[in-house]
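Each value in this text was obtained by applying a stated rule to the coordinates, not by laboratory testing. Computed from a predicted model, the values in this text were never measured in an experiment. Because the Cβ atoms are built from the backbone with ideal geometry, glycine has one as well, and the counts that use them run over all protein chains shown.
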Amino acid sequence: MHTAFFLLLAASLSRFLLRHPGEPRTPWIIALSAVLALLYVLGPALGATPNPRRLLWLGAVVGVWVVLVVLAPSYAWCAVPLFYTGLRTLPTRAALALVAVLTALVVAAQLRLADGFDPNLAFAPPAVAAVATAVFVHMQRQTARQRALIDDLLRTRRELAATERREGTLAERQRLSMEIHDTLAQGLSSQRMLLQAADRVWDTDAAAARAHVRTAGSIADRGLAEARRLVHDLAPVDLAEAGPDPAYALPAALRTLAGRESGAGLTVRFHAEGTPVPLAGRARSALLRIAQGALANVREHAGAATAALTLTYLDDQVVLDVADDGRGFAPPAPGGTRGARSARGHGLPAIRARAAQLGGTLTVESAPGEGTVLSVAIPLGAGPYAGLDDEGREGPKGPEGRHGRHDGRG
């Protein structure tokens, strides 16, 4: 429509200059044509939604066009693109009124150019305007219906996803409650009964009391094994499948994650540096979740072609770097939690919180167009869980002191 408008405007000006050279009104026609072209160019900058500035602009365009039609009737056919401009800018009733006024001016202009009354010139413009208006209004209604259907579909999908998540959560809670009831709760109940029985016969039958205590101890061993199994089931699947070695479980899980995330335009590589040391389950799970969240941010926001996971073991800390060659962004100022949330959603605050829970730090280096490097450093033998193994027992105090084992619980 924009192209058609300028073609019709140029054709109308050319026709006038060819038919009426050297007339006193020629400078006015040229100046008004330039003004109309300039006004029309300014239209898209005002937006497509109706607002006072756009209504004022439409009035100015129509007003200049009317003056041109009065001075030179050959400008009448520029009204066709103006039909659509009015239909897009005004409410339907007001737009139909504007189309009727423009059509009447076109008919009057065409009859002025004709030698006498021509029925074709009198009835063809209204027919063209009616067809154009009907097509546009029909397309608008179809678009509105399609938009409503898409909104309903998206809302239904969100509701279905939320329902499935709730059902999955309830099913998992039910499974865990049954597991705990059938294992831990039953074992604790049996231990309580055995210990009460041992207490009753402690003075009269010491052998029976000791037998009850030994039986309660064996039940406690089985309960501890069941508790460990439940904890293992709740751990990340990649870590559970990486093997029993706590030193190499995290590198294996990160390598599996890199292979799974590669594809569909993104290549993820994994590299480990240094000598792996055993990390506690909490630290392994947190670093794996951080890598998953960072790669999700890369895939969703960065538009990157390649990404790299680097796990580095140092003397006093383990460092996870996630680098990509995407579009980058302006990192928030240090301590600017609100800025981070607004710039990158909830991903960075969640990663920062996971690192802080382990006594670690998060560093983000990025710039628009230069990719992003996210670095998480977790201290070994520091933080609220220092010196604790996977079951929360206190580690041995060797020559290196309380934290000599570097269990990574920091």
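In whole Å, how far is the Cα centre of segment 26-71 from that of segment 114-172? Distance between centres, Cα-based: 28 Å. A straight line joining the Cα centroids of segment 263-287 and segment 298-320 runs 8 Å.
On the beta carbon distance between V70 and L149, with R0 = 35 Å, the FRET formula returns roughly 0.15.
Suppose R0 equals 35 Å. What FRET efficiency, 1/(1 + (r/R0)^6) with r the Cβ-Cβ distance, do V35 and V135 give to the nearest 0.05? The computed FRET efficiency comes out at 0.70.
Approximating the spin labels as points 7 Å out from Cα along Cα→Cβ, the T275-to-A97 distance works out to 8.7 nm. A Förster radius of 22 Å, combined with the Cβ-Cβ distance separating R25 from L113, puts the computed FRET efficiency at roughly 0.90.
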